[in-house]
Number of protein chains: 2
Amino acid sequence: MYVHTKLVLSLTRIDFHFWIYLSVMKKKITIKDIAKVANVSIGTVDRVIHKRGKVSEKALLKVNAALEELNYKANPLARSLKNNVIYTIAILIPDPEKDLYWLPCRKGIEEVISEYEAFDVDISVHFFDPSKPTSFVQKGMELIAMCPNAFLFVPLFERESDRLLEALNQRDIIKATFNSLPRNHVDQHVGQDLYLSGRVGAKLIYDFVRPASKIAIIHIDEAFNNAIHMQQKEEGFKSFFKEMSPGHEIHTKIVDTEQIRQTLSDFIQENQITMFFVTTSKTYEVARTLESLDMAGTVVGYDLLPDNLSYLKKGRIQFLIHQAPGLQASLSLKSLVEKLLFDKESPKKQLLPIEIINSENVESYP
Amino acid sequence: MYVHTKLVLSLTRIDFHFWIYLSVMKKKITIKDIAKVANVSIGTVDRVIHKRGKVSEKALLKVNAALEELNYKANPLARSLKNNVIYTIAILIPDPEKDLYWLPCRKGIEEVISEYEAFDVDISVHFFDPSKPTSFVQKGMELIAMCPNAFLFVPLFERESDRLLEALNQRDIIKATFNSLPRNHVDQHVGQDLYLSGRVGAKLIYDFVRPASKIAIIHIDEAFNNAIHMQQKEEGFKSFFKEMSPGHEIHTKIVDTEQIRQTLSDFIQENQITMFFVTTSKTYEVARTLESLDMAGTVVGYDLLPDNLSYLKKGRIQFLIHQAPGLQASLSLKSLVEKLLFDKESPKKQLLPIEIINSENVESYP
DNA sequence: TAAAAAAATGTGTACGTACACACTAAATTA
DNA sequence: TAATTTAGTGTGTACGTACACATTTTTTTA
């Protein structure tokens, strides 16, 4: 990749420092170097590299040999500069105003946007209402119609996501998703293993379990049918207990956000539950209910929302599992940008670590 | 930053699609655009941007106005291309052959190297013997003498690191460190808050504590004097217990790697310790000792070494705190590369999250 | 007021890649 | 053998920035 610059100098005193300087210098291999070594013009080298024919067999051999020998790598900067195209990336995420969970996600995206402000990419963020699948499809279709080079979205709804993907297939748009569940035929997905996530929750609770402890899985959401992610967490959770403590009974409760406090309160008192695995970011609801009932309990749930954090510090939530929505968003966006600008390859499916948060290490998260 | 390209076209059928295409297209602002708007030559614009004078007040005003109005951002690609310099980065880390802990660190660096293979950076990795401070200084001095553009190292030893930093100050070399402890006057440091890290360990153990439990902090290392990081963890640990359970006695034991098993075994039996916070990656030594004594115990320690992982899965280690040496290394190297290539700014001090690992979420770590 | 000096401005070229176009040499046809 | 086609090759220019140098304009001096 590099060659030491050869040089022949009559070493006067002044030249001497120059020589030291140059002897350390390294030089990148360019097509010009290849052309020189293969004894052809840069045009021929270029034709070989891009395989657009019109090259004699003899020249082809020589150029390929030189390419190999000097280990040529095209300069991505020059390439990108010449390319002179502005790539567009459209992003569709749930409205953070409607659900606070998505706030870090927007923040992460905005950071990446300003990071690449000076580059030839045009990134735009759009929101849908997480409680309205139709808003998701509508906004999505609008964006797809504008034919961006890449479309990055949160596949919150199963069927609706597949509809968008179908539309994307018609056009030549890179398909990328993050968070929630990976769909088929997506070019790139960044997320977490939700089944494993459930097992992690189970292990955290298991460490506190006594034979008599009553355990419940709580799902808090308005659109449970579409949210398979909660089901996957439940499966993971149960699989762990099946292995470690097969006899232990585990209650499951789906709670609507309407009259949530009363429902929860009733459920807890009726069944005398003391250990809770909450599958969504609304974990604070359980902590709050326990607090109002003045009951002790072990609560493990999801995400670093302000309300969750305050209960974590008060000791009413023992652990939170961090889904890092911001990181997921920024990672997937970065991958897209670098793929477009420098055609850097990135893994098709990237599962981020499942991070365990307690009252202490929470301080180390931004 | 962008302008919609204006165009006036007589719309024949063929032109129509062309028009649609162009009307969506955006164009980056270049110095050429600025020159046009300010009604001067690009040379003048260039002089304004680089503040090298020889510009009339009138022109300066016009150019600055245009710069402001169009929100000009120099194209980092073109700039870097023109720059045409190969930057060198020298890296000095402990030899992974001598201490397995550093293996992911080397791996992380190698990944970044191949990631930027095609760019104008020349990154070289060098090793020192972590048990020999002199080897650290010697290798370090050699590298500094070669005058790289940046020098990235692990400040494992206090005094010796400061000696290197002094040498670096003589020359115009960017000073970067990761892992261990941040030193003064470094341009960039990536690490973890070790005091907080100790508190996290304390909290993890605290959740299991019964009034009668005997707790010990175990330091396993050969050169404790130089390793302030272990002291910081101890302080953090104790501070937590002082707050939460002031009366609880906490033993502290420094163990040399020589005759380690015997020493540990004796210590544990004599004091009837059941809960252990091990401040280094050699946590497996404690787990192994407990296993051989056939004693139950709670062990919290550091890092995902193979031996630690196997005891974690066996249940003989409850939690590991992940210091992510690989991530620290790759993050700091990336920052350096991007600073040199695109002069992207990065925070002077970056503290990574303290990650808690148990037998389940360990699967989600690479 | 002309000449000289200083200040301001514009032009040209390079970085490395990519591609259009012009060109030369060999192969085919009339 | 000349005219034409075709294969193979080389040259020139653009991308956006940065800087050296040439040129123009203004100011100062004689």
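The values are calculated or read from the model by the stated rules, or taken from the named source; none is laboratory data. Every value quoted in this text rests on a predicted model; they were computed, and no experiment measured them. Cβ placement follows ideal geometry from the backbone for every residue including glycine, while neighbour counts extend to all protein chains displayed. The accessibility values were calculated without ligands, DNA or RNA, using every heavy atom of the protein model including side chains. Shrake-Rupley method; radii C 1.70, N 1.55, O 1.52, S 1.80 Å.
Scan B:Ala78, B:Ala90, B:Ala118 and give me the residue that is small (Gly, Ala, Ser) and more than 16 Å from DNA strand C (Cβ to nearest atom).
After ruling out the rest, the residue left standing is B:Ala90.
For the subset of the stretch A:51-73 comprising residues that are surrounded by 13 or more Cβ atoms within 10 Å (Cβ to Cβ) and away from DNA strand D (no atom under 13 Å from the Cβ), which member is farthest from the other protein chains (Cβ to nearest Cβ)?
So, considering only residues that are surrounded by 13 or more Cβ atoms within 10 Å (Cβ to Cβ) and away from DNA strand D (no atom under 13 Å from the Cβ), the one farthest from the other protein chains (Cβ to nearest Cβ) is A:Ala65.
For the stretch A:264-282, which residues satisfy the criterion of being assigned to a helix (DSSP H, G or I) and surrounded by fewer than 18 Cβ atoms within 10 Å (Cβ to Cβ)?
A:Ser265, A:Asp266, A:Phe267, A:Gln269, A:Glu270, A:Asn271
Considering each residue of the stretch B:315-328, count those that are touching a strand residue (DSSP E or B) at 6+ places or on another chain (Cβ under 6 Å) and farther than 18 Å from A:Ser364 by Cβ, and give that number.
So the count comes out to 2.
Filter the stretch B:335-360 down to residues that are touching a helix residue (DSSP H, G or I) at 6+ places or on another chain (Cβ under 6 Å) and within 24 Å of B:Ser124 (Cα to Cα) and give me whichever is least open to solvent (accessible area, probe 1.4 Å).
Across the stretch B:335-360, the extreme among qualifying residues is B:Leu341.
Which numbered condition trips up B:Ala296, out of (1) open to solvent by 30 Å² or more (accessible area, probe 1.4 Å); (2) at pLDDT 95 or above; (3) aliphatic (A, V, I, L, M)?
If we test B:Ala296 against (1) open to solvent by 30 Å² or more (accessible area, probe 1.4 Å); (2) at pLDDT 95 or above; (3) aliphatic (A, V, I, L, M), just (2) comes out false.
Being outside any helix (DSSP H, G or I) and open to solvent by 40 Å² or more (accessible area, probe 1.4 Å) is the filter here; which residues of the stretch B:89-124 pass it?
Of everything in the stretch B:89-124, those that are outside any helix (DSSP H, G or I) and open to solvent by 40 Å² or more (accessible area, probe 1.4 Å) turn out to be B:Glu97, B:Lys98, B:Glu117, B:Ser124.
Considering each of A:Glu243, A:Glu285, A:Glu234, A:Glu291 in turn, give the residue that is surrounded by fewer than 18 Cβ atoms within 10 Å (Cβ to Cβ), out of contact with any Lys or Arg (no Cβ under 7 Å at 6 or more places or on another chain), among the acidic types (Asp, Glu) and in a helix (DSSP H, G or I).
Result of the check over A:Glu243, A:Glu285, A:Glu234, A:Glu291: A:Glu243.
Could you name every one of the helices (runs of 4 or more DSSP H) located completely within the stretch B:1-65 that has at least 1 residues being away from DNA strand C (no atom under 16 Å from the Cβ) and modelled with pLDDT under 60?
Passing ranges, in order: B:13-24.
Could you tell me whether A:Leu194 is within 14 Å of another protein chain (Cβ to nearest Cβ), within 23 Å of A:Pro133 (Cα to Cα) and among the hydrophobic types (A, V, I, L, M, F, W, C)?
yes
Would it be correct to say that B:Lys82 is free of Cβ contacts under 8 Å to residues at least 24 places away in the same chain and within 14 Å of chain A (Cβ to nearest Cβ)?
Spelling it out, B:Lys82 is indeed free of Cβ contacts under 8 Å to residues at least 24 places away in the same chain and within 14 Å of chain A (Cβ to nearest Cβ).
Can you name the condition, by its number, that A:Ser213 falls short on among (1) assigned to a strand (DSSP E or B); (2) open to solvent by less than 80 Å² (accessible area, probe 1.4 Å)?
Among (1) assigned to a strand (DSSP E or B); (2) open to solvent by less than 80 Å² (accessible area, probe 1.4 Å), the lone unmet condition for A:Ser213 is (1).
Counting only residues that are more than 16 Å from B:Arg106 (Cα to Cα) and in a loop (DSSP other than H, G, I, E, B), which one in the stretch B:175-190 is most open to solvent (accessible area, probe 1.4 Å)?
The extreme case among them is B:His185.
With respect to A:Glu338, determine if the residue is acidic (Asp, Glu), within 22 Å of A:Ile93 (Cα to Cα) and in the same structural domain as A:Ile123 (by TED's automatic domain parsing).
So A:Glu338 fits the description; yes.
Could you grab me the full set of residues in the stretch B:80-98 that are among the hydrophobic types (A, V, I, L, M, F, W, C) and more than 15 Å from DNA strand D (Cβ to nearest atom)?
Result: B:Ile86, B:Ile89, B:Ala90, B:Ile91, B:Leu92, B:Ile93.
Output the residues belonging to the stretch A:127-161 that are open to solvent by less than 60 Å² (accessible area, probe 1.4 Å) and polar (S, T, N, Q).
A:Ser135, A:Asn149, A:Ser161
Being within 19 Å of B:Ile254 (Cβ to Cβ) and of a type outside the set (A, V, I, L, M, F, W, C) is the filter here, so list the residues in the stretch B:165-194 that pass it.
Hit for the stretch B:165-194 is B:Ser180, nothing else.
Exactly one condition in (1) open to solvent by less than 20 Å² (accessible area, probe 1.4 Å); (2) at pLDDT below 95 is not met by B:Tyr311; state its number.
All conditions are met except number (2).
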